[in-house]
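Peer 1: Before anything else, here's the structure in question.
The values are calculated or read from the model by the stated rules, or taken from the named source; none is laboratory data. Bear in mind that the values here come from a model prediction, so they are computed numbers and not experimental data. For neighbour counting, all protein chains shown are included, and Cβ atoms are generated from backbone atoms with ideal geometry for every residue, glycine included.
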Amino acid sequence: MDKPTSLLEVADEVQEILFRIEVNLKGNKIVCETRENLKIDYDEILFELERMPQIYHAWSQMYSEVKEQVNVADKKIRRRRGQLTAHIISDMGKSMSRGTIADLVECDDSLLTLEADLFRLQKLAGKLYFTLESLKMKSEHMRSLCGFKRIEMQDS
């Protein structure tokens, strides 16, 4: 039986999936590696703590941009469903049942593509959200460690 592995020790290919975030912002592809932003260098703790608001702000802005993309994708899906429903009703007449119309709408290739895009964006938004949560934890942890660091500096 294999020994359980820490997520931080898995193969590089898996780590790339887990810790890499790619965001497309208005045609610009941004690739970020979250581990570097979440590490704490105890020797540079004061410097890192000073930079923390700037880092958090950058990640939160990226999250906001992706949330906007999620909302836009959702609106496109709603609009496409409405267009398909209207088209099916005008072509087939009102004799069709709601279930049949819904089934035909859900089979539309362009709708399926829009939904796949939405799912990808929702996954990305989730990764960004939890990166922000991790940054909050890092900040709290660094504040505690700074107290120890100050004591060490006073004692030396």
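Peer 1: If I ask for residues that are farther than 20 Å from Tyr129 by Cα and of a type outside the set (Ser, Thr, Tyr), which ones from segment 27-62 would you list?
Peer 2: Gly27, Asn28, Asp41, Asp43, Glu44, Ile45, Leu46, Phe47, Glu48, Leu49, Glu50
Peer 1: Here's something else I'd like to know. What residue, among those in segment 113-132 that are touching a residue at least 24 places away in the same chain (Cβ under 8 Å) and among the aliphatic types (A, V, I, L, M), is surrounded by the fewest Cβ atoms within 10 Å (Cβ to Cβ)?
Peer 2: Here the answer is Leu132.
Peer 1: Is it true that Glu22 is part of a strand (DSSP E or B) and modelled with pLDDT under 95?
Peer 2: Answer is yes for this residue.
Peer 1: So which residues in segment 25-42 are in contact (Cβ under 8 Å) with a residue 40 or more places away in the chain and either in contact with a strand residue (DSSP E or B) (Cβ under 9 Å, 6 or more places away or on another chain) or assigned to a loop (DSSP other than H, G, I, E, B) (or both)?
Peer 2: Matches in segment 25-42: Thr34, Ile40.
Peer 1: Right, here's the next one. Determine whether segment 116-127 contains at least one residue that is part of a loop (DSSP other than H, G, I, E, B), among the acidic types (Asp, Glu) and at negative phi.
Peer 2: No, every residue in segment 116-127 fails to be part of a loop (DSSP other than H, G, I, E, B), among the acidic types (Asp, Glu) and at negative phi.
Peer 1: What is the residue count in segment 31-57 for residues that are of a type in the set (A, V, I, L, M) and loosely packed, with under 12 Cβ neighbours inside 10 Å?
Peer 2: Adding up the residues that qualify gives 1.
Peer 1: The conditions are (1) more than 30 Å from Leu18 (Cα to Cα); (2) surrounded by 14 or more Cβ atoms within 10 Å (Cβ to Cβ), and Leu135 fails exactly one of them. Which is it?
Peer 2: Result: Leu135 fails condition (1) only.
Peer 1: Let me ask another. I'm checking my understanding of the structure. Among residues of segment 6-19 that are modelled with pLDDT of 75 or more and touching a helix residue (DSSP H, G or I) at 6+ places or on another chain (Cβ under 7 Å), which one is surrounded by the most Cβ atoms within 10 Å (Cβ to Cβ)?
Peer 2: Among those residues, the one meeting the criterion is Phe19.
Peer 1: I need a count of the residues in segment 144-156 that are of a type in the set (Lys, Arg) and out of contact with any helix residue (DSSP H, G or I) (no Cβ under 7 Å at 6 or more places or on another chain).
Peer 2: Adding up the residues that qualify gives 1.
This table checks each residue for (1) within 26 Å of Ser144 (Cα to Cα); (2) among the aromatic types (Phe, Trp, Tyr).
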position	(1), (2)
Leu25	no, no
Lys29	no, no
Cys32	no, no
Tyr42	yes, yes
Ser60	yes, no
Lys67	no, no
Asn71	no, no
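This table checks each residue for (1) within 20 Å of the chain's Cα centre (by Cα); (2) at pLDDT below 90; (3) over 30 Å from Ser139 (Cβ atoms); (4) in a helix (DSSP H, G or I).
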{"site": "Phe47", "(1), (2), (3), (4)": "no, no, no, yes"}
{"site": "Ile55", "(1), (2), (3), (4)": "yes, no, no, yes"}
{"site": "Ser64", "(1), (2), (3), (4)": "yes, no, no, yes"}
{"site": "Lys75", "(1), (2), (3), (4)": "yes, no, yes, yes"}
{"site": "Arg78", "(1), (2), (3), (4)": "no, no, yes, yes"}
{"site": "Ala86", "(1), (2), (3), (4)": "no, no, yes, yes"}
{"site": "Ser90", "(1), (2), (3), (4)": "no, yes, yes, yes"}
{"site": "Met96", "(1), (2), (3), (4)": "no, yes, yes, no"}
{"site": "Thr100", "(1), (2), (3), (4)": "no, yes, yes, yes"}
